[in-house]
Amino acid sequence: MSTASGDGADAGGDGAAASAPAGRRIPPASSMPWVRNLRRFVGTGAGLGSEALMELETKRILLEIFKERQRKSAEAGSIPSFYKKKPEEGSISSRVQRENCVIDDATGAEKMNYEDFCHIATVCTEQIGQKCKRFFSPSNFMKFEKDDSGRIAILPFYLYVMRTVSLTQARIDMSELDEDSDGFLQPHEMEAYIRGLIPNLAQLRDMPTAFVQMYCRIAARKFFFFCDPHRRGKACIKKVLLSNCLQELMELHQESEEEVTDTEQAENWFSLTSAQRICDMFLALDKDTNGTLSKQELKEYADGTLTEIFIERVFDEHVRRSKVGGGNSREMDFESFLDFVLALENKDTPEGLTYLFRCLDLNGRGFLTTADIHTLFRDVHQKWIEGGNYELCIEDVRDEIWDMVKPADPLRISLSDLLSCKQGGTVASMLIDVRGFWAHDNRENLLQEEEEQVEEA
């Protein structure tokens, strides 16, 4: 994990590893003991006692980074990681752990009481510096779950320290890439940050060089989909740091052989498997190879199970008119396609549901009426019958949706109704995708099959 030095100049002088020149060799994060990482981060000086002081410390480091830009050292720091190997034998952490922990007979977890906690604080302060004291405050000890003997597990505390250090360093790295220093990252800045991470993410190290630029576009888009809800073209650094997206990206630090299944890789948007899948999907849909998708081409998405009215509404709400080919020319570019996929694969999130609701809101009034539901489901019903399924009554489906949502106003369904009912993603699927409606109609059978598979496993 790349960390700032005691005076802030080492990590700052190097800059974030994300911005390190390509020719420099970046050592893997796991090659450094965590105590050494912590020492480089905390350095010397008074401890930070509050979030406000942490902000001042971060700004101080960034200022020194700026002053020392022209005197960068030859050795670049490595990328921060949320995943760390066990402490090296003979390191401070190894000795502290051996001398001040008790093994829980029931769980096998290593634990420490408050006296041990204070002793470790003393050792770390002597070996590392005063700033590590902030991790060993009484209030921090009280944050962790305690057993009947008043002991806390060591691993969660260790991960808390490392995550705090990692997030602080990530903040510094991102801020250094923030060219206009407004606290936001533009797409090319986020792509640069991700590009710098690739060599240190175990599951991405073998990425073909020719695919790196495309991967960074795909990866960065998820950050903007979730952290730039108003589509201003910039994402707040603080929001990025606190987002699930960054945590999902950092999961790629895990070695692929460490029980990372193919399914888990496919489900992680940032995995190489997922990025290649999305790129291949776009290329397969782009029949005329012009780099954009027409409505007709997009209709083939997901084997053609999406309704025609939904595709029309996607283009109405989320695809800008092209300046080329006439005033009515409108095709979906790659970034818009990524938003489209993200929305469909994250229907249960506020961001995904907001994207879809704009398409469902046929008249742009901010709510859906029974007439809207009837119009939307009519296309699903047609595909349902064409698939050889049993006849169903559209009015019955409409009533079922109303029962699922239980809107505040009995005559209309708003976005807030869909969000609060916790079934908004299911409702959206029922109205735009015949496969989504089939999954809802067969939910009991699907649940039973899942339970049987779990039992067999």
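The values are calculated or read from the model by the stated rules, or taken from the named source; none is laboratory data. Predicted model only: the values in this text are computed from it and were never measured. Using ideal geometry, Cβ is built from the backbone for each residue, glycine included, and neighbour counts are taken over all protein chains shown. To get the accessible areas, we keep the full protein, side chains included, count just its heavy atoms, and leave off ligands, DNA and RNA. Shrake-Rupley method; radii C 1.70, N 1.55, O 1.52, S 1.80 Å.
Would you mention how many residues in the stretch 212-241 are under 9 Å from the mean Cα position of the chain (by Cα), farther than 17 Å from F282 by Cα and open to solvent by 10 Å² or more (accessible area, probe 1.4 Å)? Looking only at that region, the number is 1.
Would you check if there is a residue in the stretch 156-168 being modelled with pLDDT under 80, open to solvent by 60 Å² or more (accessible area, probe 1.4 Å) and not assigned by the TED database to the domain that holds K239? Scanning the stretch 156-168, I find no residue that is modelled with pLDDT under 80, open to solvent by 60 Å² or more (accessible area, probe 1.4 Å) and not assigned by the TED database to the domain that holds K239, so the answer is no. Residues of the stretch 425-438 include at least one that is farther than 21 Å from F226 by Cβ, of a type outside the set (A, V, I, L, M), open to solvent by 30 Å² or more (accessible area, probe 1.4 Å) and part of a helix (DSSP H, G or I). N200 meets the conditions (1) over 17 Å from E335 (Cβ atoms); (2) modelled with pLDDT of 90 or more in every case but one. The failed one is (2).
Considering the conditions (1) over 23 Å from H230 (Cβ atoms); (2) of a type in the set (V, I, T); (3) touching a residue at least 60 places away in the same chain (Cβ under 8 Å), I194 is excluded by exactly one of them, (1). For E391, the requirement of being assigned to a helix (DSSP H, G or I) and open to solvent by 40 Å² or more (accessible area, probe 1.4 Å) is not met. In the stretch 266-290, the residues that are touching a residue at least 60 places away in the same chain (Cβ under 8 Å) reach residues that are in a loop (DSSP other than H, G, I, E, B) and open to solvent by less than 40 Å² (accessible area, probe 1.4 Å) with C-beta atoms within less than 7 angstrom, at least six apart or across chains, in these pairs: S271/Q203; L272/Q203; L272/L204; L272/M207.
Table: residues versus (1) within 20 Å of R313 (Cα to Cα); (2) β-branched (V, I, T); (3) in contact (Cβ under 8 Å) with a residue 60 or more places away in the chain.
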| site | (1), (2), (3) |
| --- | --- |
| D348 | yes, no, yes |
| H374 | yes, no, no |
| I394 | no, yes, no |
| I401 | no, yes, no |
| D417 | no, no, no |
| S420 | no, no, no |
| Q423 | no, no, no |
| W438 | no, no, no |
